[in-house]
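In what follows, a single structure is set out as structure tokens and then discussed.
The values are calculated or read from the model by the stated rules, or taken from the named source; none is laboratory data. In this text the structure is predicted, and so the values were computed from the model without any measurement. Neighbour counts are summed over all protein chains in view; Cβ atoms, including those assigned to glycine, are modelled from backbone coordinates with ideal geometry. With ligands, DNA and RNA removed, areas are computed over all heavy atoms of the protein, side chains included. Shrake-Rupley method; radii C 1.70, N 1.55, O 1.52, S 1.80 Å.
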Amino acid sequence: MSIRAILGRLIGVIPTLLITWTFVFGAMRLVPGDPVLLMLQGTPISDVAMEAARAKLGVDRPIIVQYVSFLSNAARGDFGDSFRSRQPVTQLIAAEFPFTLQLALGGFVVGLLLGATLGIVAGVWPNGWIDTLCMTTALVGLSLPSFWIGMLLIQVFATGLGWVPVLGTGFDALILPSISLGLFLAGGLARLTRNAIIEVMGQDYIRTARAKGLTAWRVVGKHAMRNAVIPPLTLLGIQFALLIGGAVVTETVFARPGIGRLLVLAVLEKDFPVVQGVVVLTTTAYVLINVAIDIAYGIIDPRVQG
Amino acid sequence: MNAANLTRRPWFVSRLLGAPGAVAGAVVIVVILGLAVLAPYLAPYDWNATSQCRRLAPMTAEHWFGCDLFGRDIFSRVIYGARFSLAMGLSTVAISLLFGSLLGIVIAYAGGWTDRIGARVIDAMLCFPSIILAILIVAVLGVGLLNAALAVGISGIPRFARITRAAALPLVARDFVEAARSVGAGHGRIVLRHLLPNLAPILIVIATLDLGGAVLFTATLSFLGLGAQPPTPEWGAMLDAGREYVRYAPWTMIFPGLALFLTVMAVNLVGDRLSLILDPRQRDRS
């Protein structure tokens with residue numbers, strides 16, 4: 001991939017971010033009610049103080065000025081202060097982010113191991129009972145409500161057997177949330193991997209490898225796998241979106257700290273600066289990760305041109 | 001496979017019922033629909049009547065699924081919950097399908113700058129992780145069952161619009177569109193009478209594939225406290241309410257969750273089979 005193509009991808013990020021940020025800004029202006037009253041949450045206030053608060057929030061200025069200042073603040077990572085804790089939103093998110101990252105990594109590892117295994121097994125022996133079994137398992141993974149499976153896991157392995165703690169933020173306490181998050185991911189990954197393997201197994205070079213007299217495992221392990229993992233891996237970006245969405249639910253079930261929990265609580269408490277900050281930051285992260293993967297893929301695989 | 005076969009209904013039904021999974025799924029869906037319609041006759045107790053039994057009482061012959069914190073019969077509540085799951089799933093998919101497909105067709109038909117800008121906006125909107133977008137919309141609309149359904153429906157619009165646009169683009173260039181225009185058909189007529197029917201199979205496929213996820217998604221919002229509120233007997237909300245007492249009374253969460261899982265699984269099994277039959281690219285593989 002040429003420098004020009006890479007620059008093109010990077011510049012393409014700007015309109016995307018502009019559209020998503022504009023949508024969030026617009027959505028937040030549609031919230032009924034005076035933001036100052038929402039911020040005060042029922043505390044009585046004098047008219048003078050009210051005007052001061054309005055000026056501080058910037059809601060007394062024309063909408064276009066508010067919009068421009070929102071964009072420039074967001075670009076600098078400034079989303080104002082939480083209505084509740086009065087702390088800067090960015091600081092709140094930064095404090096919660098490591099927990100979500102741990103959970104997402106844990107869920108990703110579980111999802112990848114389980115999903116790839118199911119997909120490879122199904123893809124190597126397609127259209128038989130093995131395939132049906134693996135794909136039904138994948139569908140179960142996609143259909144299981146992750147909050148339900150999370151509660152069942154807690155009930156059996158934490159409360160019942162006592163193998164892992166129910167609460168906490170240590171490694172032990174990460175196991176069940178990772179499984180619960182990973183199961184959903186595994187379902188989709190298994191399907192993708194299966195299709196990729198079936199496609200690769202039909203290629204000429206696989207037939208050549210077989211004709212050379214290589215064992216089935218060597219063909220799969222050395223030749224098929226390498227090419228089959230690329231399509232599912234390019235969908236890592238989509239996996240990120242699923243992980244973030246899953247984290248919202250998993251953090252709630254397991255009462256873990258994290259930005260998902262932060263977002264849900266902020267919606268329930270009408271803490272709009274926090275809602276705005278979390279939505280903008282997760283979406284921006286998603287866009288940037290996808291571009292990074294796109295570029296990396298272009299560098300690794302010369303067939304992808306710019 | 002020839003074209004005449006496609007229009008014969010028994011062929012279609014027999015293909016759909018040819019897979020044991022799809023049959024099981026169809027049976028479960030019929031049962032869920034039956035429960036939803038006949039809930040007042042099938043439920044042994046009032047779904048909202050408290051003190052029907054001891055608080056958090058376990059499963060007995062009188063109360064098959066046990067009782068919740070307020071002494072309500074969980075079996076009756078699970079039956080009434082069937083009214084929400086499929087209805088919420090169908091209405092959210094209907095919102096995504098209606099607005100998404102119209103948007104996709106219109107920008108593909110309009111072409112030029114409209115299409116370029118429209119496609120760009122759709123792609124950008126797809127950058128919101130869908131649950132984050134739905135939560136943002138709930139934040140704006142306010143918490144509640146209908147708002148959650150609306151949010152899930154709206155968050156699906158970009159996905160439907162992108163697929164519809166991609167499928168409509170090659171059609172717009174075809175001769176029959178030009179022919180319709182030359183005999184004086186208006187834009188509205190071309191979009192609704194000529195383009196839409198040609199897109200129907202793919203729209204049905206994506207709608208059915210989306211349905212399971214939509215059921216799960218709305219229940220998830222209720223579980224998070226953003227959708228159905230107590231005492232509504234919605235499965236996600238019931239799971240949320242039972243969360244605090246799980247260790248003393250696991251039945252408060254086992255049965256609503258099982259009902260939700262079976263419904264989503266059934267819809268997914270039928271949806272998968274349906275997409276295999278309707279999607280011409282996949283037809284040979286089955």
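What the table below lists for this structure:
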item: Shape call, the protein assembly as shown: gyration tensor on alpha carbons, a/c limit 1.5; result: rounded
item: Neighbourhood charge, 13 Å Cβ-Cβ cut-off, centred on B:Leu239 and excluding it, Lys, Arg +1 and Asp, Glu -1; result: -2
item: Relative packing of B:222-235, A:87-100, B:141-154, which averages over residues the other C-beta atoms within 10 Å, highest first; result: B:222-235, B:141-154, A:87-100
item: Contact order normalised by residue count of chain A, Cα under 8 Å, 6+ apart, percent; result: 26
item: Helix A:272-300 axis, angle to chain A major axis (alpha carbon atoms, nearest 10°); result: 30
item: Among B:121-129, A:212-220, A:9-17, the order from most to least packed when residues are scored by Cβ within 10 Å on average; result: B:121-129, A:9-17, A:212-220
item: Lone cysteines, chain B (no partner Cβ under 4.7 Å); result: B:Cys127
item: Fraction of accessible area attributable to carbon and sulfur, chain B (%, probe 1.4 Å); result: 65
item: Helical segments meeting 27 Å axial Cα length and Kyte-Doolittle 1.0 threshold in chain B (DSSP H); result: B:20-42, B:74-110, B:196-223, B:251-278
item: Exercise: per-residue mean of other protein chain Cβ atoms within 10 Å, A:134-145; result: 5
item: Set of lysines near A:Lys212 by C-alpha distance (under 20 Å), chain-local residues within fewer than 8 positions excluded; result: A:Lys222
item: Phi to ³J(HN,Hα) by Karplus 6.51 cos²θ - 1.76 cosθ + 1.60 over the range A:137-143, Hz, x for Gly, Pro; result: 4, 4, 5, 4, x, 6, 8
item: Against the rule of thumb 2.2 N^0.38 Å, how large the Cα Rg of the range B:32-108 comes out; result: 1.62
item: The range A:40-120: C-alpha gyration tensor shape, a/c 1.5 cut-off, then a/b vs b/c; result: prolate
item: Cα gyration tensor, the range A:67-188 - rounded (a/c under 1.5), prolate or oblate; result: oblate
item: Interchain or long-range residues, amide H under 5 Å from A:Asp81's placed H; result: A:Val89
item: Listed peptides B:77-85, B:43-51 by packing density, highest first (mean Cβ within 10 Å); result: B:77-85, B:43-51
item: Neighbourhood net charge (15 Å Cβ-Cβ; Lys/Arg +1, Asp/Glu -1) for A:Asp60; result: +1
item: Hydrodynamic radius (Kirkwood) for the range B:139-265, which is based on Cα pairs only, to one decimal in Å; result: 17.5
item: Euclidean distance of C-alpha centroids, the range A:46-80 and the range B:103-142, integer Å; result: 27
item: Mean separation of Cα contacts under 8 Å (6+ apart) over length of chain B, as relative contact order %; result: 25
